[in-house]
Each structure stands twice: as structure tokens, then as C-alpha cells.
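Data first, discussion second: the structure below is written as C-alpha cells.
The values are calculated or read from the model by the stated rules, or taken from the named source; none is laboratory data. Because the structure is a prediction, the values reported are computed rather than measured. All Cβ positions, even for glycine, are placed from backbone atoms using ideal geometry, and neighbour counts span all protein chains on display.
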Amino acid sequence: MSIDARERLDHYLVRLGWARSRRAAREMLASGMVRVNGRILRKGAGIGVKLVPRDKYNYTPERRQFFKTYADIKFGKDVMTFERLDALFASPIISHLLVFTDLETEKEIGVATIYLEGKSLAFYYYAFYDLNYYARNLGMFMMTSAVALFAERSCKNLYLGTCYSDNALYKTQFAGAEFFNGFRWSDDLDELKFIIQRDKKDLSQHLLETEEFREKFYGGDLEKMTDASEFRVKVK
């Protein structure tokens with residue numbers, strides 16, 4: 001496995017971590033997330049959202065085709081085949097779906113696949129939506145609505161997927177955003193941007209072997225880095 005591939009297993013996963021109380025979640029919404037995303041939420045006025053258990057959602061041929069058409073346009077022709085799409089919707093990685101509806105036409109215009117584990121975590125996975133709603137920022141509205149919903153439900157963590165490039169940095173705009181850097185969860189966005197820029201180069205060493213990274217973000221202190229990590233290896 002190349003260094004680049006190995007490190008891509010190590011970091012980039014983005015999560016939002018909130019206080020456990022409902023009051024704290026509401027304070028976060030009032031002081032952070034809504035302030036950042038108020039424009040997006042206003043552009044989505046008239047769009048309803050409902051959390052539906054997977055076994056209550058009918059994966060019809062029409063919906064299947066809608067998801068495939070979206071995937072072909074966004075990801076490339078047959079990057080997501082029908083077989084892969086069917087496997088996704090049959091997988092235990094989907095426990096619920098967030099279904100978005102145009103309240104005026106009562107048309108289903110978007111679906112986000114979700115994995116829930118009580119109030120411990122929610123995983124926002126694939127999103128499929130009607131690209132005719134692009135001008136209303138429907139894709140961003142869907143993610144923002146998920147953040148609002150799970151914060152209101154006092155979900156401890158919401159995982160928003162990976163952040164491999166500058167184009168994915170929008171996921172870090174929410175209050176409480178953290179990313180996994182390979183040894184700890186970090187809220188230092190300058191650190192994330194450093195890693196993204198570093199990965200555009202030909203790599204010959206692991207991130208932790210990079211002196212510039214250690215000096216810039218941890219003062220060159222390896223003990224500080226190990227203390228910050230929750231990982232421990234028992235040495236015999």
C-alpha cells in the first residue's frame with residue numbers, strides 16, 4: 001500500500017461533536033450553525049424533511065432510477081452501477097433515510113442515506129437530489145437540515161464523511177466540526193488545510209514523520225502528540 005493510500009485511511013473523516021444536553025444543542029444552533037447557514041435554510045423554505053426508518057421506505061424502480069440518474073451526473077457514468085446502488089440500499093450501513101419533499105408540489109426531491117446508533121452517532125452518507133433545485137442549494141440545504149435535526153435530537157456526534165480536497169471544506173463550516181488527523185480528533189482547520197495541500201505533492205514519508213507538520217501544529221513535541229491521542233499500545 002502506498003503512503004498516500006495508507007494515510008487516506010488515517011485521516012479526513014469529519015464529525016460534529018456537541019454537548020449532550022438538549023439545551024446545549026439548542027444554544028449551539030442559536031449561536032453557531034444557524035448564523036452560518038441561515039441563508040441556506042431560508043433558500044430551502046417550502047421544503048419538508050422527514051426521518052424514515054429504512055424498512056418503512058419503499059425502494060421503488062422509480063426511486064432507483066432517480067438515484068442512478070443523479071449518480072451518473074454527479075459522479076460519472078456508471079461510477080455507481082445499479083448493482084452498487086442496490087447493494088447500498090440493502091446494506092446495514094443504512095438504518096434511516098432523510099426524505100425531502102417540495103411541500104407545494106408534494107414531490108420527493110431528495111434523499112440522504114443515514115446510519116443511526118441511538119444518540120451516540122449519526123452518519124450522513126450518500127445524498128441524492130433533484131438537480132433542478134440547484135439554484136436553491138438543495139444539496140447544502142439537505143446537509144444543513146441534517147445538522148439541525150440531529151443537534152436538536154441531542155445526538156452526540158454527526159459524521160459528515162471525508163474531506164479529501166478543498167472542495168469538501170464546506171463540511172467544516174458547522175459549529176463543533178472536527179476531523180481525524182490519524183491520531184486524534186482535531187478542530188484546527190489550518191491543520192486540515194495543511195494536510196490537504198501536502199497530499200497534492202508526491203509523498204515519501206508518513207504525516208507524523210513530516211517535521212514541518214510536527215513543528216507547526218505541535219511545537220515539535222512528540223510527547224504532546226502522543227498525549228493528545230486516545231490510542232495506546234501495550235508493550236510487553
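Tell me which residues, restricted to the range 109-125, are touching a helix residue (DSSP H, G or I) at 6+ places or on another chain (Cβ under 8 Å) and more than 18 Å from ASP55 (Cβ to Cβ).
Answer for the range 109-125, where residues must be touching a helix residue (DSSP H, G or I) at 6+ places or on another chain (Cβ under 8 Å) and more than 18 Å from ASP55 (Cβ to Cβ): ILE109, GLY110, TYR124.
May I ask you to list the residues in the range 51-70 that are among the aliphatic types (A, V, I, L, M) and in contact with a helix residue (DSSP H, G or I) (Cβ under 8 Å, 6 or more places away or on another chain)? I'd like the intermediate steps shown before the answer.
Keep residues of the range 51-70 that are among the aliphatic types (A, V, I, L, M), which gives 51-52.
Once the filter is applied, which keeps residues that are among the aliphatic types (A, V, I, L, M) and in contact with a helix residue (DSSP H, G or I) (Cβ under 8 Å, 6 or more places away or on another chain), the range 51-70 yields only LEU51.
Select, from ASP4, ASP78, the only residue that is at pLDDT 95 or above and not hydroxyl-bearing (Ser, Thr, Tyr). Let's see the steps before the verdict.
Details: ASP4 fails: at pLDDT 95 or above.
The unique qualifying residue is ASP78.
Somewhere in the range 185-193, is a residue of a type in the set (Asp, Glu), assigned to a loop (DSSP other than H, G, I, E, B) and either at pLDDT 90 or above or in contact with a Cys (Cβ under 8 Å, 6 or more places away or on another chain) (or both)?
To start, the set of residues in the range 185-193 that are of a type in the set (Asp, Glu) comprises 187-188, 190-191.
Cutting the leftovers down to assigned to a loop (DSSP other than H, G, I, E, B) gives us 187-188.
After this cut, where a residue has to be either at pLDDT 90 or above or in contact with a Cys (Cβ under 8 Å, 6 or more places away or on another chain) (or both) as well, the list is 187-188.
Checked against the condition, which is being of a type in the set (Asp, Glu), assigned to a loop (DSSP other than H, G, I, E, B) and either at pLDDT 90 or above or in contact with a Cys (Cβ under 8 Å, 6 or more places away or on another chain) (or both), the range 185-193 yields at least one hit.
Looking at the range 79-124 only, could you name the residues that are part of a strand (DSSP E or B) and surrounded by fewer than 12 Cβ atoms within 10 Å (Cβ to Cβ)?
If we filter the range 79-124 for residues that are part of a strand (DSSP E or B), which is where we start, we get 96-102, 107-117, 121-124.
Scanning the range 79-124 gives a single hit, LYS107.
If you go through the range 132-152 one residue at a time, do you hit one that is under 24 Å from ASN58 (Cβ atoms), buried (at least 16 other Cβ atoms within 10 Å of the Cβ) and in contact with a Cys (Cβ under 9 Å, 6 or more places away or on another chain)?
The answer is yes; a qualifying residue exists.
What number of residues within the range 140-159 satisfy the criterion of being in a helix (DSSP H, G or I), closer than 16 Å to SER120 by Cα and out of contact with any helix residue (DSSP H, G or I) (no Cβ under 8 Å at 6 or more places or on another chain)?
Of the residues in that region, 3 qualify.
In the range 160-172, what count of residues is obtained for those that are surrounded by fewer than 17 Cβ atoms within 10 Å (Cβ to Cβ) and either touching a His at 6+ places or on another chain (Cβ under 6 Å) or assigned to a helix (DSSP H, G or I) (or both)? Talk me through it step by step, then tell me what you get.
From the range 160-172, those surrounded by fewer than 17 Cβ atoms within 10 Å (Cβ to Cβ) are 162, 164-170; that's our starting set.
Remaining after also requiring either touching a His at 6+ places or on another chain (Cβ under 6 Å) or assigned to a helix (DSSP H, G or I) (or both): 166-170.
Count: 5.
Contact list please: Cβ distance under 6 Å, first residue in the range 66-91 and touching a residue at least 24 places away in the same chain (Cβ under 8 Å), second residue assigned to a helix (DSSP H, G or I), pairs at least six apart or on different chains.
PHE67/LEU85
Within the range 116-129, identify whether any single residue is among the basic types (Lys, Arg) and closer than 21 Å to PHE174 by Cα, and answer yes or no.
Step one: list which residues in the range 116-129 are among the basic types (Lys, Arg), which gives 119.
From what's left, closer than 21 Å to PHE174 by Cα: 119.
Yes, the range 116-129 has at least one match.
Criterion first (under 19 Å from VAL52 (Cβ atoms), touching a Lys or Arg at 6+ places or on another chain (Cβ under 8 Å) and without any contact (Cβ under 8 Å) to a residue 24 or more places away in the chain) does LEU97 satisfy it? I'd like the intermediate steps shown before the answer.
Details: under 19 Å from VAL52 (Cβ atoms): yes; touching a Lys or Arg at 6+ places or on another chain (Cβ under 8 Å): yes; without any contact (Cβ under 8 Å) to a residue 24 or more places away in the chain: no.
No: the conditions fail for LEU97.
SER21 is checked against (1) within 23 Å of TYR159 (Cα to Cα); (2) at pLDDT 95 or above; (3) of a type in the set (Ser, Thr, Tyr) and fails just one. What number does that condition carry?
Answer for SER21: the failing condition is (2).
What number of residues within the range 206-220 satisfy the criterion of being at pLDDT 90 or above and in a loop (DSSP other than H, G, I, E, B)?
3
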